[in-house]
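J.: One structure, as structure tokens, below. Some questions next.
Only the coordinates and a few stated rules stand behind these numbers; no lab work does. None of the values given here were measured: they were computed from a predicted structure. Virtual Cβ from ideal backbone geometry, glycine too; neighbours counted across all protein chains shown.
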């Protein structure tokens, strides 16, 4: 009888471990990645490493593991391992902006290209997607069509704001080549400097109360297994987060998938 009970307990424990879903957070950042998103990110890093000269391999390191209800959260780092020894980390140093998740977005009152003043307070009542970008940022320009499609999908159920340190002349010049249907808030260098980040683009999602629920490093890229190349995604991860806020009326800040 004791052996039978021990066997049952062992099976239950193993079954519970298998049932736990694995999620991932890159060291120093705040976005929780699904297993698919993590594997995709790893494939992109491995693809880039393979294109470098010499015997270079991608090395992944799980530096912390935490259990939360039915989930396991793994904090990871990526680095390059060289054939002759030595490594170089691919994970950037933590930026202060990621610590803002779960906190109110810092207040602002900024001008749009028509000279109108727009405050953060005036945007409350709906989710808000904020894109931090500038005209000389190639990844920022590349993702504009995807950002436009995100707005088309969500329609007027959320506010879509782009904030830049560029002036009116600079923004209007770039928009002639790359139509971008977000409200453009300009001359915002002083405000941007308070957010504590270095790399562009950044996408910040707020709930209807102005609380930051997610921070993306721009739209996700995808590794195409068939063509063996990296292509920009369709913004599905951003749409999913906005729809989550709409479905649950913005009452939840942190969630698992």
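J.: Averaging over all projection directions, find the projected area of the Cα convex hull of the range 30-130 and quote it in nm² with one decimal place.
T.: Mean orientational projected area (the range 30-130, Cα hull): 10.7 nm².
J.: If you line up the long axis of helix 236-247 against the longest principal axis of the chain, both from Cα atoms, how many degrees apart are they, to the nearest 10?
T.: Value to nearest ten degrees: 80.
J.: Right, something else. Using the Cα gyration tensor of the range 88-149, with a ≥ b ≥ c the square roots of its eigenvalues, what is the shape: rounded (a/c below 1.5), prolate (a/b larger than b/c) or oblate (neither)?
T.: Because a/c hits 1.5 or more and a/b fails to exceed b/c, the range 88-149 counts as oblate.
J.: Kindly work out what percent of the DSSP beta bridges joining two residues of the chain are antiparallel, to the nearest 5.
T.: DSSP beta bridges in the chain are roughly 70 percent antiparallel.
J.: Report the label-to-label distance for residue 175 and residue 116 in nanometres (one decimal), using points 7 Å from each Cα along the Cα→Cβ vector.
T.: 1.1 nm
J.: Provide the percentage of antiparallel DSSP beta bridges, counting only those with both residues in the range 150-257; round to the nearest 5.
T.: Here the share of antiparallel DSSP bridges comes out near 75 percent.
J.: So, one more: Contour minus end-to-end for residue 60 and residue 20, with contour as 0.36 nm per residue of separation and end-to-end as the Cα-Cα distance?
T.: 12.3 nm
J.: Further question on the same structure: Would you mind computing, in nm to one decimal, how far apart the modelled labels at residue 82 and residue 27 are, each placed 7 Å from Cα along Cα→Cβ?
T.: Taking the two extended label points, one gets 1.9 nm.
J.: For a Förster distance of 22 Å, can you work out the FRET efficiency between the beta-carbons of residue 248 and residue 34, rounded to the nearest 0.05?
T.: 0.75
J.: Take residue 240 and residue 152, extend 7 Å from each Cα along the Cα→Cβ direction, and tell me the distance between the two endpoints in nm.
T.: Computed distance between label sites residue 240 and residue 152 equals 2.2 nm.
J.: Next up: Treat the count of other C-beta atoms within 10 Å as a stand-in for reagent exposure and order 21, 101 from fewest to most.
T.: So the ranking, lowest neighbour count to highest, is 21, 101.
J.: Counting pairs of alpha carbon atoms under 8 Å apart in space and at least six apart in sequence, what relative contact order in percent does the chain give?
T.: Normalised by residue count, the contact order of the chain is 18 percent.
J.: How are the C-alpha pair distances of the range 21-89 spread across 10 Å bins, as whole percents from the shortest bin up?
T.: Per 10 Å bin, starting at zero, the Cα-Cα P(r) for the range 21-89 comes out as 20, 46, 25, 8, 1 percent.
J.: So what's the angle, to the nearest 10 degrees on a 0 to 90 scale, between helix 35-50 and the longest Cα principal axis of the chain?
T.: Long axis of 35-50 versus the principal axis of the chain: about 80 degrees.
J.: Further question: Using semi-axes √(5λ) of the Cα gyration tensor in Å as the read-out, say which of (1) 31, 21, 17; (2) 37, 25, 16; (3) 47, 24, 17 was calculated from these coordinates.
T.: So the structure-derived entry is (2).
J.: Now a separate question. Just the number: Rg to Rh for the range 96-247, Cα atoms, Kirkwood Rh, two decimals.
T.: 0.95
J.: Something else about it: So in the range 21-89, what percent of DSSP beta bridges are antiparallel if you round to the nearest 5?
T.: Rounded to the nearest five, the antiparallel share is 75 percent.
J.: Is the range 166-257 rounded, prolate or oblate when judged by the Cα gyration tensor, a ≥ b ≥ c being the square roots of its eigenvalues, rounded requiring a/c under 1.5 and prolate requiring a/b larger than b/c?
T.: Taking the square roots of the gyration eigenvalues as a ≥ b ≥ c, the range 166-257 is oblate.
J.: Does anyone have the angle between helix 2-19 and the longest principal axis of the chain? Alpha-carbon axes, 0 to 90°, nearest 10?
T.: Taking the Cα atoms of the chain, the angle to 2-19 is about 20 degrees.
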